[in-house]
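To start, the structure itself, in structure tokens.
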Amino acid sequence: MDSMLKIGTYEFASRLIVGTGKYPSLDVMQAAHAASGAEMVTVAIRRINLDDASGKTMLDYVDRSRYTILPNTAGCYNAKDAVLTAQLARELLGTDLVKLEVIGDAQTLHPDPRATLEAAERLVADGFTVLPYIGDDPIVCKQLEELGCAAVMPLAAPIGSGLGICNPYSIRIIKERARVPVIVDAGVGTASDAAIAMELGVDALLMNTGIAAARDPVLMAEAMRRAVEAGRMAFLAGRMEKRLYANASSPMEHLIGTERR
């Protein structure tokens, strides 16, 4: 039996975290969330629409009795704004969880390492359970862990690109050195990407566009769930050694009672 995913004081059976953006409708989003088997849903606090005629916000469409809300600081371009957004989320939702995003470039949406480190240090000191989105840089990931972050979230590829795992070697190094969960965030486009990421040994995946932008988001959500589970099982099982030449699956020399002539 696999162990639970532990992030700070929180525990989850599912190793898939999903988002709330880009879905064709809120009904489809809710159905996709259910199909994914996820137990944690991330919501961009700065993008919650408070002017909806119905008086509802995105938070009203996420069943908080079923899902743990992971507020994120998407849209922040400096440490000050990210910290303020996290503090507002804590007041609004009554949670110490935060997915920290401090963007350094508007075109690639790559994170700003220096500002992320600054914001993470302030948030950890303020009692938050911090999950920072960051590049696939083993050094920065280790620095974030040493600051007290509850997990590190290296990108697989640029946000929303669907390019898959662009640098599996960096992800493996990050995982080998980490003492906190490693959650691959951004770039997963389809189920095979999810399986590959999990086979590297990472603890979980966070994805949004790969599900929401699929032709059938609900079916893709189920595919992603199964891929995460299969990839995790394959990692735990331990893959066979790769060989350059063929190796018979039924070698005669090991059969009992067989004489070589």
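State whether the residues of the stretch 146-165 include one that is part of a helix (DSSP H, G or I) and either open to solvent by 30 Å² or more (accessible area, probe 1.4 Å) or farther than 30 Å from Leu117 by Cα (or both).
To start, the set of residues in the stretch 146-165 that are part of a helix (DSSP H, G or I) comprises 146-147.
Restricting the remaining residues to those that are either open to solvent by 30 Å² or more (accessible area, probe 1.4 Å) or farther than 30 Å from Leu117 by Cα (or both) gives 146-147.
Taking every residue of the stretch 146-165 in turn, at least one turns out to be part of a helix (DSSP H, G or I) and either open to solvent by 30 Å² or more (accessible area, probe 1.4 Å) or farther than 30 Å from Leu117 by Cα (or both).
Is at least one residue of the stretch 95-102 at pLDDT below 95 and either open to solvent by 60 Å² or more (accessible area, probe 1.4 Å) or of a type in the set (S, T, N, Q) (or both)? Full working, then the answer.
As a first pass, look at the stretch 95-102 and keep what is at pLDDT below 95: none.
No, there is no match, as no residue in the stretch 95-102 is at pLDDT below 95 and either open to solvent by 60 Å² or more (accessible area, probe 1.4 Å) or of a type in the set (S, T, N, Q) (or both).
Residues in the stretch 30-89 that are in a helix (DSSP H, G or I) and open to solvent by 70 Å² or more (accessible area, probe 1.4 Å): how many? Steps first, please.
Here is the first cut: in the stretch 30-89, the ones in a helix (DSSP H, G or I) are 30-36, 45-47, 58-61, 79-89.
Filter once more, keeping what is open to solvent by 70 Å² or more (accessible area, probe 1.4 Å): 30, 46-47, 60, 80, 84, 88.
Of the residues in that region, 7 qualify.
So, of the residues in the stretch 138-160 that are small (Gly, Ala, Ser) and in contact with a helix residue (DSSP H, G or I) (Cβ under 8 Å, 6 or more places away or on another chain), which turns out to be nearest to Gly189 (Cα to Cα)?
So the first thing to find is which residues in the stretch 138-160 are small (Gly, Ala, Ser), and the list is 148, 150-151, 156-157, 160.
Checking the rest, the ones that are also in contact with a helix residue (DSSP H, G or I) (Cβ under 8 Å, 6 or more places away or on another chain) come to 148, 156, 160.
Values: Gly148: 30, Ala156: 10, Gly160: 8 Å.
Residue satisfying both the conditions and the ranking: Gly160.
Step by step: first the residues of the stretch 209-219, then only those that are part of a helix (DSSP H, G or I) and open to solvent by less than 40 Å² (accessible area, probe 1.4 Å), then the one that is farthest from Leu155 (Cα to Cα). Which residue is that?
Of the residues in the stretch 209-219, the ones part of a helix (DSSP H, G or I) are 209-212, 217-219.
Imposing the further condition that a residue be open to solvent by less than 40 Å² (accessible area, probe 1.4 Å) reduces the set to 209-212, 217.
Values: Thr209: 14, Gly210: 14, Ile211: 17, Ala212: 18, Pro217: 22 Å.
So the residue we want is Pro217.
What number of residues in the stretch 119-137 are of a type in the set (Phe, Trp, Tyr) and either farther than 21 Å from Gly19 by Cβ or in contact with a helix residue (DSSP H, G or I) (Cβ under 7 Å, 6 or more places away or on another chain) (or both)?
Taking the stretch 119-137 and keeping what is of a type in the set (Phe, Trp, Tyr), we get 128, 133.
So of that shortlist, the ones also either farther than 21 Å from Gly19 by Cβ or in contact with a helix residue (DSSP H, G or I) (Cβ under 7 Å, 6 or more places away or on another chain) (or both) come out as 128.
Looking only at that region, the number is 1.
Yes/no matrix, rows are residues, columns are (1) among the charged types (D, E, K, R); (2) without any contact (Cβ under 8 Å) to a residue 60 or more places away in the chain; (3) out of contact with any Phe, Trp or Tyr (no Cβ under 9 Å at 6 or more places or on another chain):
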residue: Leu93; (1), (2), (3): no, yes, yes
residue: Leu100; (1), (2), (3): no, yes, no
residue: Asp126; (1), (2), (3): yes, yes, yes
residue: Val140; (1), (2), (3): no, yes, yes
residue: Gln143; (1), (2), (3): no, yes, yes
residue: Gly148; (1), (2), (3): no, yes, yes
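Rundown of residues vs (1) touching a Cys at 6+ places or on another chain (Cβ under 9 Å); (2) small (Gly, Ala, Ser), yes/no style:
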| position | (1), (2) |
| --- | --- |
| Pro154 | yes, no |
| Leu163 | no, no |
| Ala178 | yes, yes |
| Asp193 | no, no |
| Met198 | no, no |
| Ala204 | no, yes |
| Arg215 | no, no |
| Val218 | no, no |
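If you go through the stretch 127-134 one residue at a time, do you hit one that is assigned to a loop (DSSP other than H, G, I, E, B) and either open to solvent by 50 Å² or more (accessible area, probe 1.4 Å) or within 14 Å of Gly75 (Cα to Cα) (or both)? Show your work before the answer.
Of the stretch 127-134, the ones assigned to a loop (DSSP other than H, G, I, E, B) are 127-128.
Adding the requirement that they be either open to solvent by 50 Å² or more (accessible area, probe 1.4 Å) or within 14 Å of Gly75 (Cα to Cα) (or both) leaves none.
Checking the stretch 127-134: not a single residue is assigned to a loop (DSSP other than H, G, I, E, B) and either open to solvent by 50 Å² or more (accessible area, probe 1.4 Å) or within 14 Å of Gly75 (Cα to Cα) (or both).
Looking for whichever is open to solvent by 60 Å² or more (accessible area, probe 1.4 Å), assigned to a helix (DSSP H, G or I) and either touching a strand residue (DSSP E or B) at 6+ places or on another chain (Cβ under 6 Å) or at pLDDT below 95 (or both) here; the options are Glu241, Glu229, Glu259, Glu253. Which one fits?
Glu253
If you check Thr108, Thr116, which single one turns out to be open to solvent by 40 Å² or more (accessible area, probe 1.4 Å), touching a Pro at 6+ places or on another chain (Cβ under 9 Å), farther than 18 Å from Ile17 by Cα and not aliphatic (A, V, I, L, M)? Walk me through how you get there before you give the answer.
On the way: Thr116 fails: open to solvent by 40 Å² or more (accessible area, probe 1.4 Å).
One residue alone meets the criteria, Thr108.
Could you please let me know if Lys142 is among the basic types (Lys, Arg), in contact with a strand residue (DSSP E or B) (Cβ under 9 Å, 6 or more places away or on another chain), over 18 Å from Gly231 (Cα atoms) and surrounded by fewer than 24 Cβ atoms within 10 Å (Cβ to Cβ)?
yes
The values are calculated or read from the model by the stated rules, or taken from the named source; none is laboratory data. Remember, predicted model here, so these are calculated numbers, not experimental data. Here Cβ is always computed from backbone atoms with ideal geometry, including for glycine, and neighbour counts include all displayed protein chains. Remember, those area values only see protein heavy atoms, side chains included, never the ligands or the DNA or RNA. Shrake-Rupley method; radii C 1.70, N 1.55, O 1.52, S 1.80 Å.
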